[in-house]
Amino acid sequence: MIDKHRGSQTEVSAELRAEARPGAMHAHALARDDRGDALIEFALLVPILFSVLLGIIVFGIAFNNYVTLTNATNLGAEALSISRGQTTNPCTTASAAVYAAAPRLTQANLKFAIEVNGAYVAGSAATPVASPTCATATLVATQTASVTVQYPCNVKVFSYDPAPGCTLTAQTAEAIQ
């Protein structure tokens with residue numbers, strides 16, 4: 001090789017000779033090659049990102065169901081507290097109010113426990129019932145009526161249920177009018 005500045009021929013370095021040969025690379029040159037690094041990093045991060053996304057979706061579904069259940073339970077307790085003397089079965093009135101306030105929840109999965117002045121009149125905390133019934137005579141003005149509703153979490157995503165035994169519970173107490 002001829003050096004243009006000096007006008008003399010210089011020795012070709014070993015690196016230039018290696019680059020001149022097709023397919024030949026030094027270990028140092030291979031270590032600096034970063035082609036494909038982004039693909040490998042992406043492949044390593046995809047499971048983590050998918051798990052985080054799945055967790056956000058599951059939490060969102062469960063939280064939405066809980067807010068809906070809490071609101072429906074409040075309305076059911078309110079309906080129970082004002083139904084004294086207006087219906088023969090105030091517990092059915094309360095459950096109908098819950099069903100109407102929670103149309104996206106599966107009605108067959110809702111379980112009720114209704115307590116009036118400290119005594120269960122329909123279902124119990126240990127064994128809630130799907131169709132609560134009680135007599136109007138159980139409701140006395142100024143006493144407290146408590147409605148408890150249970151609902152399974154139902155957080156299936158892509159046929160996968162990360163919390164199969166999860167149960168949401170909402171409870172509201174109202175003074176009987």
Close pairs from the stretch 119-147: first within 14 Å of residue 176 (Cα to Cα), partner surrounded by 16 or more Cβ atoms within 10 Å (Cβ to Cβ) and among the acidic types (Asp, Glu), Cβ under 6 Å, at least 6 apart = 145/174; 146/115
All but one of (1) over 57 Å from the mean Cα position of the chain (by Cα); (2) exposed (fewer than 10 other Cβ atoms within 10 Å of the Cβ); (3) modelled with pLDDT of 55 or more hold for residue 47, so report the exception by its number.
-> (1)
Which of the residues spanning the stretch 88-106 are surrounded by 12 or more Cβ atoms within 10 Å (Cβ to Cβ) and closer than 15 Å to residue 73 by Cβ?
-> 91, 93, 94, 95, 96, 97, 98, 99, 100, 101, 102, 105
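Scan the stretch 112-135 and give yes if some residue there is charged (D, E, K, R), out of contact with any Ser or Thr (no Cβ under 8 Å at 6 or more places or on another chain) and either modelled with pLDDT of 95 or more or surrounded by fewer than 21 Cβ atoms within 10 Å (Cβ to Cβ) (or both), otherwise no.
So in the stretch 112-135, the residues charged (D, E, K, R) come out as 115.
Now narrow it down to the ones that are out of contact with any Ser or Thr (no Cβ under 8 Å at 6 or more places or on another chain): none.
No.
Filtering the stretch 68-85 down to residues that are surrounded by 12 or more Cβ atoms within 10 Å (Cβ to Cβ) and either β-branched (Val, Ile, Thr) or not in a helix (DSSP H, G or I) (or both), which residue is farthest from the chain's Cα centre (by Cα)? Can you show your working first?
Within the stretch 68-85, the first condition is being surrounded by 12 or more Cβ atoms within 10 Å (Cβ to Cβ), and the residues that meet it are 68-84.
Applying the additional criterion that residues be either β-branched (Val, Ile, Thr) or not in a helix (DSSP H, G or I) (or both) yields 68, 70, 73, 82-84.
Numbers: 68: 13, 70: 16, 73: 20, 82: 34, 83: 35, 84: 38 Å.
Result: 84.
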Where residues in the stretch 52-97 are in contact with a helix residue (DSSP H, G or I) (Cβ under 6 Å, 6 or more places away or on another chain) and among the small types (Gly, Ala, Ser), which of them is farthest from residue 155 (Cα to Cα)?
-> 83
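Can you find even one residue in the stretch 43-62 that is closer than 27 Å to residue 177 by Cβ and either of a type in the set (Gly, Ala, Ser) or in contact (Cβ under 8 Å) with a residue 12 or more places away in the chain (or both)? Break it down into steps so the answer makes sense when it comes.
So the first thing to find is which residues in the stretch 43-62 are closer than 27 Å to residue 177 by Cβ, and the list is none.
No, that holds for no residue.
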Under the condition of being part of a loop (DSSP other than H, G, I, E, B), under 14 Å from the mean Cα position of the chain (by Cα) and buried (at least 18 other Cβ atoms within 10 Å of the Cβ), which residue from the stretch 136-177 is modelled with the lowest pLDDT?
-> 155
Looking only at residues in the stretch 92-135 that are assigned to a strand (DSSP E or B) and not small (Gly, Ala, Ser), which one is nearest to residue 61 (Cα to Cα)?
-> 111
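The values are calculated or read from the model by the stated rules, or taken from the named source; none is laboratory data. This one's a predicted model, so the numbers in the text were calculated from it and none came from an experiment. Quick reminder, even Gly has a Cβ in these numbers, built from the backbone with ideal geometry, and neighbours come from all protein chains shown.
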